[in-house]
Structures are given as C-alpha cells and as structure tokens.
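*Asks:* After the structure tokens below, expect a handful of questions from me.
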Amino acid sequence: MQLRNDENRFGLIAVSFHWLVALLFFAMVAIGLAMTNLPLTHPLTFPLYQLHKSIGATIFVLVALRLAWRLAGPVPPLPSEMPVWERRAAQLAHWGLYALLLLLPLVGWVIVSASPLGIPTVLYGVVRLPHIGFIAASPDKEAIGKVASTVHATLAWSAVGLVTLHAGAALRHHFWLKDGILGRMLPSRALFLRGHDRKGG
C-alpha cells in the first residue's frame with residue numbers, strides 16, 4: 001500500500017490517521033459516558049477523567065496532522081456519477097467533523113481550566129498540560145465552566161451524530177451503490193478491488 005494518496009485511493013498515512021482517530025473517538029465517547037455517571041468519590045473517576053483528557057489531546061494533534069496532510073496532497077475524487085448535492089453534503093460532513101474534533105479538546109481544556117477543583121491535567125501521567133491562565137484566574141470561571149460544559153456536550157453529541165451519518169453513507173456506497181468509495185479508505189486493497197468487481201459483475 002502506497003504512503004501517499006493517488007487518484008484511486010487514500011494512502012497509508014491518511015488511512016492510518018482516519019482509523020486511529022475513529023477508534024480514539026469511540027473510546028472517548030465510552031469513557032466520557034462512564035466517568036460522568038460515576039460519583040466523584042469512585043476510585044475510577046479520576047483515572048478516567050485523566051485518560052479522557054489525554055486521549056482528547058491526542059485526537060487534537062492527530063486531526064491537526066491529518067488536516068495538514070490532506071491539504072498538502074491530492075485527495076481521490078468522488079465518483080463522477082455522484083449527484084452534486086451529495087458531493088456538497090460529503091464535503092460539509094468531512095469539514096464539519098474536522099471542526100468538531102478540533103473544537104472538542106479545546107472546549108474541554110476550557111472546562112478543566114475553569115474547574116474550581118484546580119486538578120492538574122497530566123497527559124498519560126507524563127506531560128503536564130497547564131491550565132489556560134486567564135480562565136483559571138477569572139472570577140467568573142464557574143460560569144465559564146458551566147457554559148463550556150454545555151457547549152462540550154452539545155459538540156460531542158453533534159460529533160456522534162455526524163460520525164453515524166458518515167458511517168451510514170459509507171456503508172450505503174459500499175453495499176448498495178458499490179462504487180468503491182469505502183474501499184478507498186480501507187487498509188486492504190483487496191476489499192477495494194472486490195467492491196469494483198461487484199459493481200462490474
């Protein structure tokens with residue numbers, strides 16, 4: 001499998017970014033639901049919050065790198081027979097996901113910085129992430145934290161909805177339209193070719 005994208009499929013680097021971010025995103029959702037439903041005194045609450053923050057920072061870095069990689073090279077074109085509205089919807093969904101996955105960690109950072117508990121964030125128990133100074137020092141940080149928490153939850157569920165829509169569209173293209181779109185992002189080229197064989201047969 002080639003490293004860079006070409007006119008037929010995404011390369012290994014783009015594919016790796018895509019699936020790693022996807023796995024981490026689903027892990028974040030699961031951890032977020034678990035930690036917010038545990039009492040603060042539960043022994044797993046603090047480790048889960050720290051892991052959630054660590055994975056969030058990792059997703060931010062990976063998405064930023066993936067976005068830079070996408071802008072630096074060619075992207076396989078969508079099938080010419082795809083309707084214009086569907087092309088626009090696909091583009092909006094992709095850029096919407098980029099925006100959400102970058103905003104979510106940043107808003108999370110605001111929440112941590114505004115917390116009256118002042119608990120430090122230590123990514124993977126190694127790298128300390130400082131609080132945002134002017135937010136941590138603000139006399140209104142409790143109000144800021146409440147607003148940021150609401151925004152964070154709204155963005156998170158919006159991302160879940162958009163990821164679900166994205167996945168559903170990819171499966172529709174692969175199993176119903178059989179146009180090979182999903183195969184372009186699969187690690188195995190055999191699956192990509194099989195999609196084209198079904199279309200031709």
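*Asks:* Taking a cut-off of 12 Å between Cα atoms, list the aspartates and glutamates near Lys178, but don't count ones fewer than 8 places away on the same chain.
*Replies:* Asp197
*Asks:* Checking understanding here: applying a Kyte-Doolittle mean of at least 0.5 and a length along the axis of at least 24 Å (C-alpha), which whole DSSP H helices in the chain pass? Working shown, then result.
*Replies:* Working: long enough: 12-36 (36 Å, 2.23); 45-72 (40 Å, 0.96); 84-114 (44 Å, 1.11); 141-171 (44 Å, 0.88).
Counting only whole DSSP H runs, the qualifying helices are 12-36, 45-72, 84-114, 141-171.
*Asks:* Only Cα pairs under 8 Å and at least 6 apart count here; give the relative contact order of the range 52-126 as a rounded whole percent.
*Replies:* 58 percent
*Asks:* Shifting gears a bit: Whose amide H sits under 5 Å from the amide H of Arg4, counting only residues 5 or more places off or on another chain, with H placed in the peptide plane?
*Replies:* It is Leu12, by chain and number.
*Asks:* Just reorder Tyr49, Tyr98 by solvent-accessible area, largest first, 1.4 Å probe, all chains present.
*Replies:* Output order, biggest surface exposure first: Tyr49, Tyr98.
*Asks:* Could you please state how large a percent of the accessible area of the chain is carbon and sulfur, counting protein chains only and using a 1.4 Å probe?
*Replies:* Values: 8530 of 11710 Å².
Percent of accessible area from carbon and sulfur atoms in the chain: 73.
*Asks:* Let me ask another. If the range 46-201 were replaced by its equivalent ellipsoid, with semi-axes equal to the square roots of 5 times the Cα gyration tensor eigenvalues, what would those be, largest first, whole Å? Display every interim value, and only then the final one.
*Replies:* Values: eigenvalues 313, 54, 35 Å².
After scaling each eigenvalue by five and taking roots: 40, 16, 13 Å.
*Asks:* Can you list residues from other chains, or at least 5 along the same chain, whose modelled amide H is less than 5 Å from the amide H of Thr121?
*Replies:* Excluding prolines and chain starts, which carry no amide H, the hits are Leu129.
*Asks:* Considering only Val84, Val15, Val75, give the residue with the highest GNM mean-square fluctuation for the chain, with springs between Cα atoms whenever their separation is below 10 Å.
*Replies:* Val84
*Asks:* How would Glu86, Glu142 line up by accessible area, probe 1.4 Å, largest first?
*Replies:* Values: Glu86 25, Glu142 120 Å².
Sorted by accessible area, descending: Glu142, Glu86.
*Asks:* Could you please state, rounded to a whole Å, how far the C-alpha centre of the range 23-40 is from the C-alpha centre of the range 41-63?
*Replies:* Each part's Cα centre sits 9 Å from the other's.
*Asks:* Would you work out the charge dipole size for the chain about its Cα centre, treating the Cβ of every Lys and Arg as +1 and the Cβ of every Asp and Glu as -1, and quote it to the nearest 20 debye? All intermediate terms of the calculation are to be shown ahead of the outcome.
*Replies:* Details: 17 positive and 8 negative charges, 82 e Å.
Approximately 400 debye in magnitude.
*Asks:* Next question, about the same structure. Indicate the gyration tensor shape class of the range 96-143 (rounded, prolate or oblate), computed on the Cα atoms with a ≥ b ≥ c the square roots of the eigenvalues: a/c under 1.5 is rounded; otherwise a/b larger than b/c is prolate and the rest oblate. Can you show the working numbers first?
*Replies:* Working: a/c = 2.69, a/b = 1.23, b/c = 2.18.
Because a/c hits 1.5 or more and a/b fails to exceed b/c, the range 96-143 counts as oblate.
*Asks:* Could you report the chain's accessible area per residue, 1.4 Å probe, as an integer in Å²?
*Replies:* Values: 11710 Å² over 201 residues.
Averaged over the residues of the chain, the accessible area is 58 Å².
The values are calculated or read from the model by the stated rules, or taken from the named source; none is laboratory data. Being a predicted model, the structure only gives us computed values, none of them experimental. Don't worry about glycine lacking a Cβ; one is built from the backbone with ideal geometry, like all the others, and counts go over all protein chains shown. Heavy atoms of the whole protein, side chains included, go into the accessibility calculation; ligands, DNA and RNA do not. Shrake-Rupley method; radii C 1.70, N 1.55, O 1.52, S 1.80 Å.
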